[in-house]
1. Need one number: nm distance between label points at Thr98 and Lys32, each 7 Å from Cα along Cα→Cβ, rounded to one decimal.
2. Compare Leu60, Leu38, Leu127 in a GNM of the chain, Cα atoms joined below 10 Å, and give the one with the largest fluctuation.
3. Could you work out what % of the accessible surface of the chain is carbon and sulfur, using a 1.4 angstrom probe and leaving DNA, RNA and ligands out of the count?
4. Would you mind working out the accessible area per residue for the chain, using a 1.4 Å probe, and quoting it in Å²?
5. Could you give the length gained by full extension between Asp112 and Ile46, i.e. 0.36 nm per residue of separation minus their alpha carbon distance, to one decimal place?
6. I'd like to know which of Leu90, Ser109, Ser159 lies farthest towards the positive end of the charge dipole of the stretch 78-172, counting +1 on Cβ of Lys and Arg and -1 on Cβ of Asp and Glu.
7. Nothing charged except the Cβ atoms of Lys and Arg (+1) and of Asp and Glu (-1): what's the magnitude of the dipole of the stretch 1-92 about its Cα centre? Round to the nearest 20 debye.
8. Please work out how much length the chain gains when fully extended from Asn164 to Asn10, using 0.36 nm per residue of separation minus the C-alpha to C-alpha distance, in nm with one decimal.
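The values are calculated or read from the model by the stated rules, or taken from the named source; none is laboratory data. These figures come from a predicted structure and were not determined experimentally. Here the Cβ positions follow ideal geometry from the backbone for every residue, glycine too, while neighbour counts run over all protein chains shown. Keep in mind that these areas ignore ligands, DNA and RNA; they rest on the heavy atoms of the full protein, side chains included. Shrake-Rupley method; radii C 1.70, N 1.55, O 1.52, S 1.80 Å.
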Amino acid sequence: LKLYDASLMNVDPHSKRLTTEQKLKILTECTKNPYYFLREVVRVNIPGGKTCFELHPGNLAITWAVLNSLDLIGLLPRQRYKTISIAAVLSWVYDFGTTNTHMLFGNKSLGDAKNNLRRFKEIRENLPDFLKTATLSPKDENNIESIKSDKTKNKIDVSGQPLNEEAADKQG
């Protein structure tokens, strides 16, 4: 996969021994290259710790469709990281890929929508500290049903299944 800055080859973005120059290069690469962000930076919570994001043909297709603003229906077997894949790519969109964007995490149940937002937040929480400093602000809004970035003016709300037609019209 593409790497715009070849000097980042074999550089661990999570290393505690990065120079200021390396940190700036990583931030720049993340801004330009969502696949670098997914491949090298994203860490996913698993029982007992964290692991790298696993890119496979199914979530590569999901990622490509999201990054190219295409509607999609992702059909993958259970436990193939559909939700984590969407959360990971949307974390790049939210922090690096867009500004002034309002997203909605909808689901048949409000509880599942809240869980999806929690997974999204966990991916952002697992970023290296210097990237969190670059993307997070004390003025950010963050609660169980929404998140809003002061820096990018991006916002995500959650929603369950609307109870009637009027609620459905207001939802989207």
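1. 2.3 nm
2. Highest fluctuation of the listed residues: Leu60.
3. Values: 5340 of 10280 Å².
Carbon plus sulfur share of accessible area: 52 percent.
4. Accessible area per residue, the chain: 60 Å².
5. My answer for the length gained is 21.9 nm.
6. Result: Leu90.
7. Its charge dipole is roughly 240 debye.
8. This chain segment gains 50.1 nm when fully extended.
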